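**Q** Take a look at this one; I'll ask things after.
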Amino acid sequence: MQRIDWYLLRVIATWFLIILTILVSFRAIGFLVRETGDIGRGDYQLMHVFLLTLMRVPGFLYEIFPAAVLFGGLMGLGALARNQELMAMRAAGVSIGRLVKSLVKTGLILAVGGVLIGETVAPALEQESEVKRAEWLNQQTILQSKYGVWIRDARTYVNIRRINPNRKISDIAVYTFAENGALETMQSATGAKYDGKQWILQNVSELELGEKNNTLVQFSHRDLGLDLEMGLLLNLGVDPAFLSMTELYNYISFLHDNEQRSPEYEVVFWSKMVVPVLSILLLLLSLPFVIKDIRNADM
């Protein structure tokens with residue numbers, strides 16, 4: 001990169017960071033205020049709210065990234081125009097095309113930084129924050145992976161391998177642990193149905209683990225034992241916005257292979273894919289506002 005490229009990068013990146021800090025602060029304050037309404041539920045305290053807010057900051061950064069690039073470009077180029085630096089560049093023979101090329105380089109560097117944060121730090125912290133929040137609120141923890149859906153409720157863990165399009169679940173395993181962490185019982189069921197109040201396991205095999213002997217019992221029907229609503233269970237999993245593009249792509253492929261619904265994940269995937277390109281385009285969009293009247297342009 002030539003000197004003019006580095007100079008534009010420094011000016012725009014400075015304003016970008018200022019704008020990003022302001023916008024992320026507003027977003028974080030809004031999240032913090034919203035979460036204070038749950039203080040007192042379970043073990044949820046003010047210190048937990050502050051910790052969750054800090055864990056969500058990288059996600060807020062990636063969410064606001066394109067807008068911060070646009071406003072950073074407007075403010076940076078506006079400052080250069082006000083100081084008549086853009087006029088000096090034009091007088092020295094720097095064409096508009098050359099300025100566009102420099103802005104593209106700047107946008108690429110900023111976009112790479114945003115993608116690194118949005119694809120590494122943000123998803124991991126957001127998923128962890130959701131798990132912590134559920135634990136502190138004494139709610140059920142639900143995770144989705146290529147090995148199916150995992151639900152944790154106190155000392156009970158449920159693994160659901162398949163959610164069928166006909167609103168039924170199948171291939172289910174239930175693990176119950178004692179207070180000392182020892183495994184007490186294991187249940188496996190071919191399927192489950194919702195009777196309007198609770199989920200009923202079908203064709204259940206239950207293995208009770210004793211200190212000396214293990215007992216295997218068969219049931220045709222048995223309560224799942226978890227208070228899960230129909231809508232909650234059929235829309236299980238981590239918020240798609242909390243997944244990286246790689247995780248989204250792999251999970252969409254998994255859903256397709258198992259003939260399950262994936263539109264909401266596909267929308268989020270393509271939304272994340274377009275962020276870097278959108279950021280560069282928005283940075284270029286700031287140039288016409290300044291170059292139109294370069295003598296009078298202001299930040």
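**Q** Once ligands and nucleic acids are excluded and a 1.4 Å probe is used, how much of M55 is accessible, expressed in Å² to the nearest 10?
**A** Approximately 30 Å² for this residue.
**Q** Can you bin the stretch 1-103 into rounded, prolate or oblate? Criterion: square roots of the alpha carbon gyration tensor eigenvalues sorted a ≥ b ≥ c, rounded for a/c under 1.5, prolate for a/b above b/c, oblate for the rest.
**A** prolate
**Q** From the phi of every residue in the stretch 25-40, what ³J(HN,Hα) in whole Hz does the Karplus formula 6.51 cos²θ - 1.76 cosθ + 1.60 yield, where θ is phi - 60° and glycine or proline is x?
**A** For the stretch 25-40, the Karplus-derived couplings read 4, 4, 5, 5, 5, x, 5, 4, 4, 5, 6, 4, x, 9, 4, x Hz, x marking Gly and Pro.
**Q** So which GluC sites (Glu not before Pro) in the stretch 149-216 are both in a DSSP loop and have at most 12 other Cβ atoms within 10 Å of their Cβ?
**A** Of the GluC sites (Glu not before Pro), the ones in loops of the stretch 149-216 whose Cβ has at most 12 other Cβ atoms within 10 Å are E179, E211.
**Q** Taking H placed 1.01 Å from N in the peptide plane, check which residues at least 5 places from D171 or on another chain put their amide H under 5 Å from its amide H.
**A** Placed amide hydrogens put G191 under 5 Å from D171.
**Q** Leaving out ligands, DNA and RNA but keeping every protein chain, what accessible area does K272 have, in Å² rounded to the nearest 10, with a 1.4 Å probe?
**A** In the full protein context, K272 sits at about 20 Å².
**Q** Using the Karplus equation 6.51 cos²θ - 1.76 cosθ + 1.60 (θ = phi - 60°), what ³J(HN,Hα) coupling, rounded to whole Hz, does each residue of the stretch 60-69 give in order, writing x for Gly and Pro?
**A** For the stretch 60-69, the Karplus curve yields 4, 4, 5, 5, 8, 3, x, 5, 5, 5 Hz.
**Q** Okay, next question. Provide K212, K101 ordered by accessible surface of protein heavy atoms (probe 1.4 Å), highest first.
**A** Largest accessible area first, the list is K212, K101.
**Q** Also, I was wondering about something else. Give me the accessible area of E247, 1.4 Å probe, in Å² rounded to the nearest 10.
**A** 80
The values are calculated or read from the model by the stated rules, or taken from the named source; none is laboratory data. Remember, predicted model here, so these are calculated numbers, not experimental data. Cβ atoms come from the backbone with ideal geometry, glycine included; neighbour counts cover every protein chain shown. Note: accessible area is taken over every heavy atom of the protein model, side chains too, but ligands, DNA and RNA are not part of it. Shrake-Rupley method; radii C 1.70, N 1.55, O 1.52, S 1.80 Å.
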